[in-house]
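Undergrad: I'd like to ask some things about the structure below.
The values are calculated or read from the model by the stated rules, or taken from the named source; none is laboratory data. Bear in mind that the values here come from a model prediction, so they are computed numbers and not experimental data. With ideal geometry, Cβ positions are generated from the backbone for all residues, glycine too; neighbour counts draw on all protein chains shown. In case anyone asks, the SASA skips ligands and DNA or RNA and just uses the protein heavy atoms, side chains included. Shrake-Rupley method; radii C 1.70, N 1.55, O 1.52, S 1.80 Å.
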Amino acid sequence: MEKRELLYSGKAKSVYTTDDPDFMVLEFRNDTSAFDGKKVEKLDRKGLVNNKFNAFIMSKLADAGIPTHFEQLLSDTESLVKRLDMIPLECVVRNVAAGSLCRRLGVEEGLALDPATFELFLKNDDLGDPMVNEYHARSFGWAEDVHIARMKELTFAVNKVLKELFEAGGLTLVDYKLEFGLFRGEVILGDEFSPDGCRLWDSETGEKLDKDRFRQGLGGVVEGYEEVARRIGMSL
Ligand code: UDP
């Protein structure tokens, strides 16, 4: 597969076309952003760590029967993926209250949510990714009912697989964000799964080992990601 031209450059990844219209190359950069791009920094090794982390997690999810766009690692910072027609919604599952849920509903960080809860956000930087519901998605034509149902089903299926995986490494999967797209009419998991898009706490101490280290200026951001990788049996 030959890497061709730059298609799109997001806040942390760049996307390139290939000589096959069904596939793209994702490049994981060191750029790290938070607060809708208001805080931006380059963190050494982050691109490499997230690329390998994502490959590891996507492979575990594929083993569990969850369709993903991931094909193979191409280099330290690049992966080959299927080219999806992206659905402009972020699916968030929360096992424990944190982040925007606490700000919105005035609940304390750390409150266990049983059953886990599900939220949809519209991908729109100018509007700060507002929370939306399924009726909005339907009325504005962002996704069809059957696709929303499938995204929800897959997002919860991911929770089952990953909660166990992280628990075995002494980590609590607090929440995470997934994005989906269509490939030949089928809903497929796209984007990435890395500590940039989820919250992971040490189950014993509550230490944060995810992007909240960056958001909150705690330092040791990539070191936190590497600690997670080590605990789930990844080699970097
Ligand atoms: N998240 C993300 N990208 C976004 C917004 C949220 O990856 O644009 C992730 C975030 O890392 C967390 C989960 O989705 O794991 C829920 O985020 P939340 O709604 O609490 O927003 P935040 O506190 O990050 O503003």
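Undergrad: Spin-label point model (7 Å from Cα, Cβ direction): what's the E207 to E144 distance in nm?
TA: Distance between label points: 4.8 nm.
Undergrad: With a 1.4 Å probe and all protein chains in place, put Y176, Y8, Y16 in order of accessible area, largest first.
TA: Numbers: Y176 5, Y8 140, Y16 45 Å².
Largest to smallest exposure gives the sequence Y8, Y16, Y176.
Undergrad: When the Cα centres of the range 1-28 and the range 152-218 are compared, how far apart do they sit, in Å?
TA: The range 1-28 and the range 152-218 have Cα centres spaced 24 Å from each other.
Undergrad: Quick one: Karplus J couplings for the range 30-37, per residue in order, coefficients 6.51, -1.76, 1.60, θ = phi - 60°, nearest Hz, x for Gly and Pro?
TA: Values, residue by residue: 7, 4, 10, 9, 8, 6, 6, x Hz.
Undergrad: List the trypsin sites (Lys or Arg not before Pro) in the range 33-101 that DSSP assigns to loop (not H, G, I, E or B) and whose Cβ has at most 12 other Cβ atoms within 10 Å. Which are they? Could you put the intermediate results ahead of the total?
TA: Values: sites: K38, K39, K42, R45, K46, K52, K60, K82, R83, R94; in loops: K38, R45, R83.
Sites meeting the loop and neighbour criteria: K38.
Undergrad: Out of the trypsin sites (Lys or Arg not before Pro) in the range 140-199, which ones are loop residues according to DSSP with at most 10 other C-beta atoms within 10 Å?
TA: Working: sites: R150, K152, K160, K163, K177, R184, R199; in loops: R184.
Qualifying residues, ordered by number: R184.
Undergrad: For the range 178-219, count the residues as N, evaluate 2.2 N^0.38 Å, and divide the Cα radius of gyration by that value, please.
TA: Values: Rg = 14.7 Å, N = 42, 2.2 N^0.38 = 9.1 Å.
With N residues counted in the range 178-219, Rg over 2.2 N^0.38 Å equals 1.62.
Undergrad: Continuing with the same structure: Can you pull the three principal axis extents for the Cα set of the chain, in Å, largest first?
TA: Between the extreme Cα coordinates on each principal axis of the chain lie 48, 43, 36 Å.
Undergrad: Rounded to the nearest 500, what is the 222 nm mean residue ellipticity of the chain from helices alone, with -39500 (n - 2.57) per DSSP H run of 4+ residues and division by all residues?
TA: Details: 6 runs with 70 residues, N = 236.
Here the helix-only value at 222 nm equals -9000 deg cm²/dmol.
Undergrad: What shape does the range 40-171 take by its C-alpha gyration tensor, where a ≥ b ≥ c are the square roots of the eigenvalues and a/c under 1.5 counts as rounded, a/b above b/c as prolate, and the rest as oblate? Don't jump to the answer; show the numbers that get you there.
TA: Numbers: a/c = 1.42, a/b = 1.21, b/c = 1.17.
Rounded, because the longest to shortest axis ratio a/c is under 1.5.
Undergrad: Something else about it: Could you derive backbone 3J(HN,Hα) for the range 146-152 from the dihedral phi with the Karplus parameters 6.51, -1.76 and 1.60 (θ = phi - 60°), listing whole Hz in sequence and x where the residue is Gly or Pro?
TA: My calculation for the range 146-152 gives 5, 6, 5, 4, 5, 4, 5 Hz in order.
Undergrad: Holding the Cα-Cα limit at 19 Å, pick out from K39/K152; K13/K38; K52/K82; K82/K160 the pairs that are longer than that.
TA: Numbers: K39/K152 30 Å; K13/K38 17 Å; K52/K82 17 Å; K82/K160 24 Å.
Pairs exceeding the cut-off: K39/K152; K82/K160.
Undergrad: In nm, to one decimal, how far is the modelled label at A112 from the one at Q216, with both set 7 Å along Cα→Cβ?
TA: Each label point lies 7 Å from its Cα, and together they span 2.1 nm.
Undergrad: Could you give the Stokes-Einstein D for the range 98-236 in µm² per second, using the C-alpha Kirkwood radius, 37 °C, 0.692 mPa s? All intermediate terms of the calculation are to be shown ahead of the outcome.
TA: Numbers: Rh = 16.6 Å.
Estimated via Stokes-Einstein, D reaches 198 µm²/s.
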